[in-house]
Every structure is written in C-alpha cells, then in structure tokens.
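Below is one structure; the comments refer to it alone.
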C-alpha cells in the first residue's frame, strides 16, 4: 500500500467575492489570466472529468482528475494527477478549495491531500501553490496577475 499521508494547506484572504474566486478556479478564460493555464470541465459537477491545460506556447494537458464535490461558490473538491500518470490510481491526490466570505473579503483555503511523502508532486505543489494563489489574489484585487 502506498503511503499517502502528506498534505499541503495554503490559506489566503482576497478582497473579492466568493463567486469571483470560484470563477477564477473554474472558468478557463479567467484562470489563464493569472496562471497561463486553464482549468476545464464540461460542467464542474461530481463525477465529471477536469483537465489542467497549459496555454503558453502549445496547448498541453498537464493534470487530470474528477470532480468529487461541487458546491458553488463555497467549495470544490477534485482528484488530481499528472496526465502522464493518470492510469495509476496511487498517483492521484485530492484538492479541496474552501471559499468562505469574511466581510468584504474571502478566506480561501486550498488543501492538497493524499500526497506521497517525498514525491515530486509534493515538491512541485509546495512550490507552485503559493505563487499561483498569490497571482490569483493579485489578479482578483488589481486586475493583473503576477508574471509567473
């Protein structure tokens, strides 16, 4: 049995609405503006497939998974794996976006769980999530993401 005990949690506060945060995660035309990637699903309903597509230069599917739970604009839970490892169930992890209004702000908690300790995925997301979520925050507050 594969050890999937590692996790990564990131919390940020964004001066925006829950609807705009949910859209920034799930609408390709928004996510590409702060991430150079699109998160794509037919409907973001439980059981639906989703893909994370790099749009810089050539369009490339980098990540895949399924929607596990969707409660717009409060919560989204997805499975997550590298496209190249999609046929190995041990390679899937779980990402939860919890979106909570706090006055004129939103508390966004991203929990990435069921990761293998010491894995390349854990290293990649530990470096990636902070910059991506900082870029999302900048984009939603100023209209311009970071140059990542």
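Read-outs: derived from the displayed coordinates by stated rules, not from any lab. What you see is a predicted model; the values in this text were computed from it and never measured. Neighbour counts are summed over all protein chains in view; Cβ atoms, including those assigned to glycine, are modelled from backbone coordinates with ideal geometry.
For the range 1-102, what does the relative contact order come out to in percent, with C-alpha contacts under 8 Å and a separation of six or more? Walk me through the numbers on the way to the answer.
Details: 177 pairs, mean separation 18.8, N = 102.
Once normalised by length, the contact order is 18 percent.
For the range 79-134, rounded, prolate or oblate, judged on the Cα gyration tensor with a ≥ b ≥ c (square roots of eigenvalues), a/c < 1.5 rounded, else prolate if a/b > b/c? Prolate, since a/c reaches 1.5 and a/b exceeds b/c.
Among 133-143, 5-15, sorting by the average number of other beta carbon atoms lying within 10 angstrom of each residue, highest first, gives 133-143, 5-15.
Pairwise Cα distances in the chain exceed 27 Å in 16 percent of cases. Computed over the chain with a Gaussian network model linking Cα atoms closer than 10 Å, the most mobile of 124, 65, 47 is 124. Each residue in 129, 50 was given a count of other beta-carbon atoms within 10 angstrom of its own, and listing them fewest first yields 129, 50.
With the Cα gyration tensor of the range 4-89 in hand, give its eigenvalues times 5 under a square root as the equivalent ellipsoid semi-axes, listed largest first in whole angstrom.
Three semi-axes, in Å: 20, 17, 14.
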